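The values are calculated or read from the model by the stated rules, or taken from the named source; none is laboratory data. Owing to the predicted nature of the structure, the values given are computational and were not obtained by experimental measurement. Quick reminder, even Gly has a Cβ in these numbers, built from the backbone with ideal geometry, and neighbours come from all protein chains shown. All accessible areas refer to the heavy atoms of the entire protein, side chains included, with ligands and DNA or RNA removed. Shrake-Rupley method; radii C 1.70, N 1.55, O 1.52, S 1.80 Å.
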Amino acid sequence: MPNHLQETVTLNNEVHMPWLGLGVYLAKEGDEVVQAVKAAIRAGYRSIDTASAYRNEEGVGQGVREALKENGLRREDLFITSKVWNSDQGYETTLKSFDDSLKRLGLDYLDLFLVHWPVKGKYKDTWRALEKVYAEGKVRAIGVSNFQIHHLEDLLSEAKIVPAVNQVEFHPYLTQKDLLRYCLEKGIQLEAWSPLGQGNLLEHEILQGIAAKYGKTVAQVILRWDLQLGVVTIPKSVREARIIENADVFDFELSAEDIQAIDELNRNQRFGSDPDKNIPK
């Protein structure tokens, strides 16, 4: 169980990934995302998650470069993730998308590159492209995002490399227990996007009661719940105070009873797209 912000989980290829990172979905390109990345790294974060679809990779790269210089860090101290968007999926187009992401970020390599959504008829070719850039040493780990069990089984029927990570919508209203169990069995690290349910859980009475018990915020309780379940988490914020607050989750431990109470809030409710019904284009 992680006990500090820079503690890491060992992925299935022995690469170390921080348990908690900064998500930058909807962070505006330019100064907003630059300052968010710099604030996070200054606060001790070592993992930043972006994607080509977020249209802020250039700002993330600028924030990374400035933060490295200002904090006396090296590139290898950070863990940078990006993703190939759905319209770029396919073998050759994914290879180009990867190179384009590297160029926008201004980096020589990525730590993790993901297939953003399981686009039917394309994700296997996309995965072959990820296996190629991995074999060439351009990325330290490869994975998927928004894959359900049947997508993973289909991919694994032909893949040479088992995904290191599956990043999915995961929060107390969508606990995905079967998927969590399956990924654990296959050695695939589950990672939570939208861990706070896009803010829709922060007023929940049960969560507020648990938060009061520990002298924490509801957001901190949910993020701690992620970590105690063995799920990597990447809360999004562009406000420095909130970025710092979200990382203050390593000085308490939820009881088994409280974890069960949070688990029981599950409604199988998504706030984002359903990977079996409405994959974004």
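Numbers for the structure displayed
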| item | result |
| --- | --- |
| Residue pairs meeting the criteria (Cβ under 8 Å; at least 6 apart or on separate chains; first under 15 Å from Asp251 (Cβ atoms) and touching a residue at least 40 places away in the same chain (Cβ under 8 Å), in region 1-26; second among the basic types (Lys, Arg) and surrounded by 13 or more Cβ atoms within 10 Å (Cβ to Cβ)) | Leu5/Arg46; Gln6/Arg46 |
| Qualifying residue in region 164-173 (condition: open to solvent by 10 Å² or more (accessible area, probe 1.4 Å) and either within 18 Å of Ser52 (Cα to Cα) or in contact with a strand residue (DSSP E or B) (Cβ under 7 Å, 6 or more places away or on another chain) (or both)) | no |
| Among (1) open to solvent by 40 Å² or more (accessible area, probe 1.4 Å); (2) farther than 30 Å from Glu14 by Cβ, the one test that Lys186 misses | (2) |
| Output for region 61-75, where each listed residue is under 14 Å from Leu107 (Cα atoms) and either in contact with a Leu (Cβ under 6 Å, 6 or more places away or on another chain) or among the charged types (D, E, K, R) (or both) | Gly61, Arg65, Glu66, Arg74, Arg75 |
| Matching residues in region 76-94 - criterion: being open to solvent by 60 Å² or more (accessible area, probe 1.4 Å) and either within 17 Å of the chain's Cα centre (by Cα) or of a type in the set (S, T, N, Q) (or both) | Ser87, Thr93 |
| Failed criterion for Ser97 (all others in (1) buried (at least 17 other Cβ atoms within 10 Å of the Cβ); (2) assigned to a loop (DSSP other than H, G, I, E, B); (3) of a type outside the set (A, V, I, L, M) hold) | (2) |
| In region 1-26, the residues that are part of a strand (DSSP E or B) and surrounded by fewer than 17 Cβ atoms within 10 Å (Cβ to Cβ) | Thr8, Thr10, His16 |
| Tally, over region 27-51, of residues that are of a type in the set (D, E, K, R), open to solvent by less than 10 Å² (accessible area, probe 1.4 Å) and more than 16 Å from the chain's Cα centre (by Cα) | 0 |
| Residue in region 112-136 that is most open to solvent (accessible area, probe 1.4 Å), counting only those that are aliphatic (A, V, I, L, M) and farther than 16 Å from Asn166 by Cβ | Ala135 |
| Count of region 228-249 residues which are touching a strand residue (DSSP E or B) at 6+ places or on another chain (Cβ under 9 Å) and open to solvent by less than 60 Å² (accessible area, probe 1.4 Å) | 12 |
| Hits in region 137-150 (condition: in contact (Cβ under 8 Å) with a residue 24 or more places away in the chain and open to solvent by 10 Å² or more (accessible area, probe 1.4 Å)) | Gly137, Lys138, Arg140, Gln148, Ile149 |
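Conditions (1) open to solvent by less than 60 Å² (accessible area, probe 1.4 Å); (2) in a loop (DSSP other than H, G, I, E, B); (3) in contact with a helix residue (DSSP H, G or I) (Cβ under 7 Å, 6 or more places away or on another chain), marked per residue:
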position: Asp251; (1), (2), (3): no, yes, no
position: Glu257; (1), (2), (3): no, no, no
position: Gln260; (1), (2), (3): no, no, no
position: Asn266; (1), (2), (3): yes, yes, no
